[in-house]
Amino acid sequence: MNRLAVNLPGLKLKNPIMPASGCFGFGKEFGQLYDLSELGAIMIKATTVEPRFGNPTPRVAETSAGMLNAIGLQNPGLDKVLSEELPWLEQFDVPIIANVAGSTEEDYVEVARRISKAPNVHALELNISCPNVKTGGIAFGTIPEVAKSLTAKVKEASSVPVYVKLSPNVTNIVEMAKEVEAGGADGLTMINTLLGMRLDLKTGKPILANRTGGLSGPAIKPVAIRMIYEVSQAVSLPIIGMGGIESAEDVLEYFFAGASAVAVGTANFVDPFVCPKIIKDLTELLDKYGFEHISECIGRSWK
Amino acid sequence: MNRLAVNLPGLKLKNPIMPASGCFGFGKEFGQLYDLSELGAIMIKATTVEPRFGNPTPRVAETSAGMLNAIGLQNPGLDKVLSEELPWLEQFDVPIIANVAGSTEEDYVEVARRISKAPNVHALELNISCPNVKTGGIAFGTIPEVAKSLTAKVKEASSVPVYVKLSPNVTNIVEMAKEVEAGGADGLTMINTLLGMRLDLKTGKPILANRTGGLSGPAIKPVAIRMIYEVSQAVSLPIIGMGGIESAEDVLEYFFAGASAVAVGTANFVDPFVCPKIIKDLTELLDKYGFEHISECIGRSWK
Amino acid sequence: MIRNELCTVISHHEIAENIYELILCGELASEMTEPGQFVHVKVSSGLDPLLRRPISIANIDHEKKEFTLIYRAEGRGTTILSKKMPGDEVDILGPLGHGFPLEETEAGETALLVGGGIGVPPLYELSKQLVARGVRVFHVFGFQTKSATFYEEAFKQLGPTFIATVDGSYGTCGLVTDVLDSEVLSFDTIYSCGPTPMLRAIEEKYAADKKVFLSLEERMGCGIGACFACVCHTAENPNGFTYKKVCTDGPVFRAGEVVL
Amino acid sequence: MIRNELCTVISHHEIAENIYELILCGELASEMTEPGQFVHVKVSSGLDPLLRRPISIANIDHEKKEFTLIYRAEGRGTTILSKKMPGDEVDILGPLGHGFPLEETEAGETALLVGGGIGVPPLYELSKQLVARGVRVFHVFGFQTKSATFYEEAFKQLGPTFIATVDGSYGTCGLVTDVLDSEVLSFDTIYSCGPTPMLRAIEEKYAADKKVFLSLEERMGCGIGACFACVCHTAENPNGFTYKKVCTDGPVFRAGEVVL
Ligand SMILES: Cc1cc2nc3c(=O)[nH]c(=O)nc-3n(C[C@H](O)[C@H](O)[C@H](O)COP(=O)(O)OP(=O)(O)OC[C@H]3O[C@@H](n4cnc5c(N)ncnc54)[C@H](O)[C@@H]3O)c2cc1C
Ligand SMILES: Cc1cc2nc3c(=O)[nH]c(=O)nc-3n(C[C@H](O)[C@H](O)[C@H](O)COP(=O)(O)OP(=O)(O)OC[C@H]3O[C@@H](n4cnc5c(N)ncnc54)[C@H](O)[C@@H]3O)c2cc1C
Ligand SMILES: Cc1cc2nc3c(=O)[nH]c(=O)nc-3n(C[C@H](O)[C@H](O)[C@H](O)COP(=O)(O)O)c2cc1C
Ligand SMILES: Cc1cc2nc3c(=O)[nH]c(=O)nc-3n(C[C@H](O)[C@H](O)[C@H](O)COP(=O)(O)O)c2cc1C
Ligand code: FES
Ligand code: FES
């Protein structure tokens, strides 16, 4: 028995560990360091219809136990992702979750329709929560009805299950989750980054050229855990949890909160081997805390 | 010239550094460690009409570069604060900012009316954002119209200027600030804690007896800086900034963002001498970055 | 008086499995008076971990300005602490809290010291000071297993010492209460420190006829009485709003004073 | 190949004001080939600070498996790094990026190496390797002030070395461009590393007739090409969506390849 195997809509995962979108490119760089087939899945970088350069640099700034980023959805565009990035990833035995972004509903629908047909794309992650782009993004992720309507349209266009990525920058995350569920989502991924800023003491100006950026890393873990705890009790969708995960212990905490799988973002920058390391440690940790199978851990904090 | 002196509604501060509410009790403990007259002001612990015991323990949990607390507004009640705590503080040459809390509008108004008459209370801090109490608190801090109406009522009852303490757990902090300004607030204090949670790996259950708690400390500083940056450009109220401050450098970053004074919370637990230390370092820092007076730093990031 | 000082590591050894004995030197040793007080330890100079760790004072040497902490390296903070080497500095805030009242046992009387696991350390300084006052002491200590026991010889120098282990690998098999049930010990005072269930059992068994003093544990923020993290209800008003703070009113309370 | 290894500190000295020379030993030294590559340094084992710091490789000793980093202790991370003692371990990821192309200068030709401040270090390994190939080298370096200069003697062993200081406290008063304007130096290739305004000046002055290679700096996340933190526009499409990553395509670029 594979004690780490998890089945989610569209996804038969050999383990519940995957790199988070935007923190792993399209896999090529990490593919030089270890065998990507070890991963449960891969969440590839946000894809938009047209290629995007993203925001001016500096695009990252360090914070206490975290970092800010304002990459701005840089990506080579849908055509190139379909013709180059995804085919390259086919050599690995790993399902791809495609992160779908855009400025208009039509953009999202177009990317979803076409990218969901790629043979190794097993699910979509609807990025309605990117804080670093001027248009779209943030409104889709903060107004419940807008999120619901977008979810429904993307769901209709997609050939694979759709996971909606929730923004933590809202007053009521449960309300967002419920609307997205009503819109037909197959699952949730949460959380995206918190909106933050750092200033340069010498100039007095923001360090990031984009001024604000998304806060990720261990600093945000308690917020993510709280939100997953609340949302997992309020909806019946599976949740892929993320935010500051860097160890197998963190993974367990996310499962206890209510996640059914997790994604690792920022930690890949600190230790590029962190994903395989967590996968290795996770089985031992199940032994330590007396679990047969990782799925027994789901929602233990409130069950 | 006192290079650190700051004048705000109701407050002539010899320096802009004050301990944050709930992190300094009513001053007695720190009074044993240093002369409280060194401080710019003191924000005393939240006061409610009736005495409160607060939440069961454990009430604190550590997080990466932060901590969660769920004290639950424990306090000896208005009568005792008026008859014992505030008179004791009169021996020091330091203005008191009284943190006002309650479960109903009437509660708030009652505390505000009476506590604002104490001779050393120079301003009120309206705590509409405490995440750790079941009733009141959170609704007052997340629904703009409710916040506005409460502000107006408290303002009417108070004999001293009223600062409203904003919660970061909202989709749109600027909207909250504007409504509160419309309600007649004299200033803002921000931010209160982010709602978070940690789970115990052995039991799978929340570490805090109250389950969720408020996240404070350096982890939340980038969120606070972002919010002050946004709000200070949108309203004309002075802002007392807080969230993760532990050095004079942090103070400068808050001023650049748009704060006119700052409060230090969690850092008092790590280093009980941190407030006098920051006050001492701040003048040197003005030299280092070439400022005559601390007020030149206000809003430098966007001015 | 409470002081904050960088103390120097004099020695640091693993004296049982994951249990470390850390001897520190600093001026604040001269402020340490009551056995059962604790210090608040910043285990690293940065933000990781953020908060201090409360650790009891196990031994005081006023002449050398040294004091001993005995702790279990378990979580993130204590594991980092366990890496300190002689000559390194450790940021200490203390001494904090109120300790065991020595004066409650007269010279010639007998005190029973009951400790569980990592609650044993503060009883060492207590036992020393009691013996110095002419008090007879018995020690009854419970541990998980043999490899977790420590300081048995040192305690034996001061008075008879009974040990129980949960797995029976050493001494009596079971809990301290099993020792207390089987041995016939006559005494005037009990001083105890250890897990809450143990303290409760002792309170139930002895509080009616003996003077019982219990040292409590609670998660702390400030350690100096300012944050209200560590409060407990008072026994006279168990659901009301009266309270005691473990960090400043305690950690040692008279049995019946607070709700365990 | 990129490796992640705990390397051992062999020696660590302050060689100029706030400038440290750190010699590390590790297997990954054998992977270091091109001068101008960098490593990504985790300065502490915990979360504070969180991210790695990119530091250029200043010297490689394949035989001893040692390599040298020269850095300025300025912010939080580098200040913590500066506390490491011989025998301590430092978590290194590397070697990263593409360095200076040696083969662009033939034996017998002349290379001009222009460095500014903390951009000087990678030019040392470069100069050594060029000289080993039979290339003549000139060095022109700019520093803020005399106390910030370092490695002058070492560079002089390899070729003529001109120094400028902004405050005129040593060498020519002014910037490297002032040296370049006043000295008559004939050369075939320029290799340069330093602040962006300096690189821009060099590009403007020489890119038309000479082979010019510039090493860029940018804030980094991953350092391995995955996060898109460190991109720059390509010169052929300065407002489009084509880009180069400083961490993997660079840090060294041919002048005219990317927008400075
Ligand atoms: C008055 C007092 C005296 C103590 N004396 C000793 C002693 O002499 N020797 C010893 O080994 N232990 C003692 N403890 C317990 C010790 O404080 C904890 O074991 C320690 O804080 C755990 O830290 P960590 O870094 O290992 O765990 P982590 O899991 O990293 O700790 C996370 C947070 O929880 C707190 N915490 C975790 N467990 C406890 C606990 N049991 N009690 C209080 N806070 C806790 C930590 O202080 C920290 O804030 C004492 C506790 C108190 C209150
Ligand atoms: C390819 C490359 C090679 C480098 N080689 C050297 C070298 O050999 N010697 C040397 O002294 N410096 C070098 N630097 C600059 C060095 O990386 C920064 O000085 C260092 O990261 C600052 O860290 P800190 O902890 O002092 O500052 P902090 O202010 O604590 O840094 C905060 C964050 O900003 C980043 N940051 C700050 N300044 C810079 C900068 N100038 N460039 C890139 N990131 C920055 C840090 O990496 C960190 O993520 C190099 C930079 C790059 C990109
Ligand atoms: C550099 C960077 C780029 C990111 N890009 C994306 C993105 O393109 N799409 C997306 O949905 N999330 C993106 N994220 C958010 C992460 O996927 C993740 O939700 C967040 O970082 C929290 O996880 P972490 O704390 O483990 O990093 C990005 C995060 C970082 C740090
Ligand atoms: C233990 C604790 C108790 C607090 N109690 C109160 C309170 O009673 N009233 C209030 O308005 N804020 C309270 N706060 C919030 C702080 O005043 C402050 O807004 C917040 O902690 C952010 O600042 P910091 O990161 O410097 O701690 C409390 C915070 C902590 C950590
Ligand atoms: S720990 Fe803060 S009051 Fe006791
Ligand atoms: S630093 Fe991540 S792509 Fe260059």
Quiz item: Using alpha carbon centroids, what distance separates segment C:135-214 and segment A:202-263, in Å?
Solution: 45
Self-check item: Taking segment A:174-276 and dividing mean pair separation by its residue count, relative contact order in percent (alpha carbons under 8 Å, at least six apart)
Solution: 27
Quiz item: When each copy gets a label point 7 Å from Cα toward the beta-carbon at residue D:61, what are the spacings between them in nm, shortest first?
Solution: 4.2
Quiz item: What residues of segment B:230-273 lose no less than 30 Å² of accessible area with every protein chain in place versus their chain by itself (probe 1.4 Å, heavy atoms only)?
Solution: B:246, B:253, B:256, B:269, B:270, B:272, B:273
Quiz item: Considering only protein heavy atoms and a 1.4 Å probe, what is the carbon-and-sulfur percentage of the accessible area of segment B:107-228?
Solution: 53
Quiz item: What pairs from B:45/B:280; B:14/C:245; A:280/B:221; A:80/A:280; B:303/D:146; A:303/B:45 go past 27 Å between their alpha carbons?
Solution: B:14/C:245; A:280/B:221; A:80/A:280; B:303/D:146; A:303/B:45
Exercise. Of the DSSP beta bridges with both residues in the protein assembly as shown, give the percent that are antiparallel, rounding to the nearest 5.
Key: 50
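Checking an interface number: how much accessible area is buried between C and B, summed over both chains, with a 1.4 Å probe, in Å² rounded to 100? Could the numbers behind the result be given before it?
Values: alone 11860 and 12330 Å², together 21560 Å².
That pair hides around 2600 Å² of surface in total.
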Quiz prompt | Karplus (6.51, -1.76, 1.60) ³J(HN,Hα), θ = phi - 60°, over segment D:70-83, in Hz, Gly and Pro reported as x | solution = 10, 9, 9, 7, 10, x, 4, x, 5, 5, 5, 4, 5, 8
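How large, in percent, is the carbon and sulfur part of the accessible surface of segment D:150-260 at a probe radius of 1.4 Å?
Result for segment D:150-260: 49 percent of the exposed heavy-atom area is carbon or sulfur.
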Quiz item: If you find the alpha carbon centre of segment D:47-90 and of segment A:45-62, how far apart are they in angstrom?
Solution: 30
Quiz item: Can you list the residues of segment B:14-54 that have at least 40 square angstrom less accessible area with all protein chains present than in their chain by itself, probe 1.4 Å?
Solution: B:29, B:33, B:51, B:53
Quiz item: residue D:59's amide H: which non-local residues (gap 5+, or another chain) put their own amide H closer than 5 Å, with H modeled 1.01 Å from N in plane and none for Pro or chain starts?
Solution: D:68
Quiz item: Which ³J(HN,Hα) values in Hz, rounded to whole numbers, follow from the phi angles of segment A:53-66 under the Karplus curve 6.51 cos²θ - 1.76 cosθ + 1.60, where θ = phi - 60° and Gly and Pro get x?
Solution: 8, x, 7, x, 8, x, 10, 10, 8, 7, 9, 5, 6, x
Quiz item: What nm distance separates the two modelled labels at residue A:202 and residue C:156, each placed 7 Å from Cα along Cα→Cβ?
Solution: 6.6
Exercise. Any aspartates and glutamates with Cα under 14 Å of the residue C:211 Cα? List them, leaving off those in the same chain fewer than 8 positions away.
Key: C:103, C:104, C:106, C:109, C:188, C:203, C:257
Self-check item: Heavy-atom accessible surface that A and B bury in contact, both chains counted, 1.4 Å, Å² to 100
Solution: 3500
Practice problem: At 18 Å minimum axial length over the Cα atoms and a Kyte-Doolittle cut of 0.0, report the qualifying DSSP H helices in chain A, or say none. | Solution: A:221-234, A:274-289
Practice problem: Indicate the residues belonging to segment C:21-56 that lose 50 Å² or more of solvent-accessible heavy-atom surface (probe 1.4 Å) upon moving from the chain alone to the assembly of all protein chains, ignoring ligands and nucleic acids. | Solution: C:47, C:48, C:50, C:51
Exercise. Considering Cα pairs under 8 angstrom that are at least six residues apart, work out the relative contact order of segment D:138-260 and quote it in whole percent.
Key: 17
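Quick one: of the DSSP bridges fully inside segment B:120-231, what percent are antiparallel, nearest 5? Kindly include the intermediate steps, with their values, before the conclusion.
On the way: 4 of 11 bridges.
Here the antiparallel bridges make up roughly 35 percent for segment B:120-231.
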Quiz item: Too long at a 21 Å Cα-Cα cut-off: which of B:117/B:155; A:12/A:117; A:12/A:153?
Solution: A:12/A:153
Exercise. For segment A:1-67, with all protein chains present and a 1.4 Å probe, just round the carbon and sulfur fraction of the accessible area to a whole percent.
Key: 51
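Which value, in Å², gives the accessible area per residue of the protein assembly as shown when a 1.4 Å probe is used on the protein heavy atoms? Provide the component values of the computation, followed by the final result.
Working: 39300 Å² over 1126 residues.
For the protein assembly as shown, the solvent-accessible area averages 35 Å² per residue.
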Quiz item: How do C:78-87, D:210-219, A:289-298 rank on mean C-beta neighbours within 10 Å, highest first?
Solution: D:210-219, A:289-298, C:78-87
Quiz item: Which cross-chain or sequence-distant (5 or more) residues have an amide H under 5 Å from the amide H of residue B:261, H modelled 1.01 Å from N in plane?
Solution: B:239, B:241
Exercise. Output the relative contact order of chain A, whole-number percent, from Cα pairs under 8 angstrom with separation of 6+ residues.
Key: 19
Self-check item: Bridge type composition, segment D:148-260 - antiparallel percent by DSSP, nearest 5
Solution: 50
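The values are calculated or read from the model by the stated rules, or taken from the named source; none is laboratory data. Everything numeric here is computed off the predicted structure, so don't read it as measured data. Ideal geometry is used to build each Cβ from the backbone, glycine not excepted, and the neighbour counts take in all protein chains shown. Accessible surface is based on the protein model in full, side chains and every heavy atom, while ligands, DNA and RNA are left aside. Shrake-Rupley method; radii C 1.70, N 1.55, O 1.52, S 1.80 Å.
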